[in-house]
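See below for the structure under consideration.
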Amino acid sequence: MRLEFLGAAHTVTGSCYLLETGENRYLIDCGMFQGAKRIREYNYEEFAFNPADIDGMLLTHAHVDHCGLVPKLVREGFKGTVYATQATCDLVRIMLPDSAHIQESDAELMNRKGRRRGDEPIQPLYGVDDAMDALKQFAPVPYDQELRLSDNLRVFFRDAGHILGSAILEIYVKEGDKETKLVFSGDLGQPDQPLLRDPTIIHGADFVITESTYGDRLHQLYDKETALIEIVNETMDRGGNLIIPSFAVGRTQTLLYYFYRLHCEGRLDPDIPIIIDSPLAINATRVFLKNFRDFDEDSLKVFGKDGKVPDFAQVHLCETAAESRALNT
Ligand SMILES: [Zn+2]
């Protein structure tokens, strides 16, 4: 067995591992490098392997720093299946075309600037067509059920509590009579988060490959609902508008959940409109509601057994560019 670290080493993005076990070659994640230009340039380098030689991929979750290079992988000859949980498969359907769209418009902008200087045009990292091709190779896997990839390789996806659909991978590799258990943490959530279940406790492993983004710091635990409503009230009392920059997947839904709880507790003024100004965040919210069965117990009480959206009339969705512009004025 051989394990190579091809990303998220000395940096926190671009997660990618190559696991070779006798006859099998599997990737764990194939993420985009994000951040400083020096880091982003890794995205344009050749893969350290031939994508056509890879049998398949195991994807921990739908964040772009874990799945963002799958369209490039497919364009360069990867024919295998990408295994991920159902919610992850649903989320990549919006994340990858969105990422491709960003790649295309970034390249267009740079070419417009470059043309004036007489530079050669650059190609986007990948386009929307590549993303659509890649999506055909995804296959959903249920949590906690054995996925047998070969006689010598089996995998379990365990809830990582990081974003909806996120998974810790428990991989068993058999070599002769010996079985080795590898655990890839993926990104890990904290316990007691809204909507999400707590990260699964894994019992025993021969090797643990863990994320360590916040490994050197203690997260503060505090009453986030109260902190949020204090900011809302302070801003409204001064006659202001509160603008919350928020990740489209995960954070937006957490905020909506907090606002809903504050509304139920009578702590939120019902005359304050809450506007979601992002088609990506709105689509991600729809994916969350479709996969409500993955929510934790407290949230299931709110959404009932059928995942029905609770009545929350002060939330408005801003889905078109025209609506977004109107909001600015
Ligand atoms: Zn993540």
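When a/c is below 1.5 the answer is rounded, else prolate if a/b is larger than b/c, else oblate, so apply that to the chain with a ≥ b ≥ c taken from the square roots of the Cα gyration tensor eigenvalues. Verdict is oblate for the chain.
Rounded to whole numbers, the Karplus 3J(HN,Hα) couplings from phi for region 260-275 are 5, 4, 4, 5, 5, 7, x, 9, 10, 4, x, 8, 8, x, 10, 10 Hz, using 6.51 cos²θ - 1.76 cosθ + 1.60 with θ = phi - 60°, and x at Gly and Pro. For region 224-328, averaging the sequence separation of C-alpha pairs within contact (under 8 Å, six or more residues apart) and dividing by the residue count gives a relative contact order of 27 percent.
Extension gain, residue 46-residue 237: 0.36 nm per intervening residue step, less the Cα-Cα distance, totals 63.3 nm. Sorting the segments 100-113, 15-28, 33-46 by their mean number of nearby beta carbons within 10 angstrom, highest to lowest, gives 15-28, 100-113, 33-46. Charged side chains reduced to their Cβ positions (Lys and Arg at +1, Asp and Glu at -1) give the chain a dipole of some 600 debye around its Cα centre. Checking the Cα-Cα distances for 224/290; 37/72; 136/174; 72/136; 37/79; 79/174 against a 22 Å cut-off, the pairs over it are 224/290; 136/174; 37/79; 79/174.
At q = 0.10, 0.13, 0.15, 0.22 Å⁻¹ the log10 of I(q)/I(0) for region 231-329 amounts to -0.30, -0.50, -0.67, -1.33, computed by Debye summation with a single uniform scatterer per C-alpha, solvent ignored. Taking the C-alpha atoms only, the angle from helix 279-290 to the longest principal axis of the chain is near 80 degrees. Once C-alpha pairs closer than 8 Å and six or more residues apart are averaged by separation and normalised to the residue number of the chain, the relative contact order reads 11 percent.
A protection proxy built from the mean count of other Cβ atoms within 10 Å ranks the segments 164-172, 114-122, 275-283, most packed first, as 164-172, 275-283, 114-122. Relative contact order, whole percent, for region 37-195 stands at 20, derived from Cα pairs under 8 Å and 6 or more residues apart.
Considering helices alone, the calculated mean residue ellipticity of the chain at 222 nm is -10000 deg cm²/dmol, with DSSP H runs of length four and up weighted by -39500 (n - 2.57) and normalised per residue.
No lab work stands behind these numbers, since they all come straight from the coordinates. Just so we're clear, the structure is a prediction, and the values are computed from it rather than from any experiment. Backbone-built Cβ (ideal geometry, glycine too); neighbour counts: all protein chains shown.
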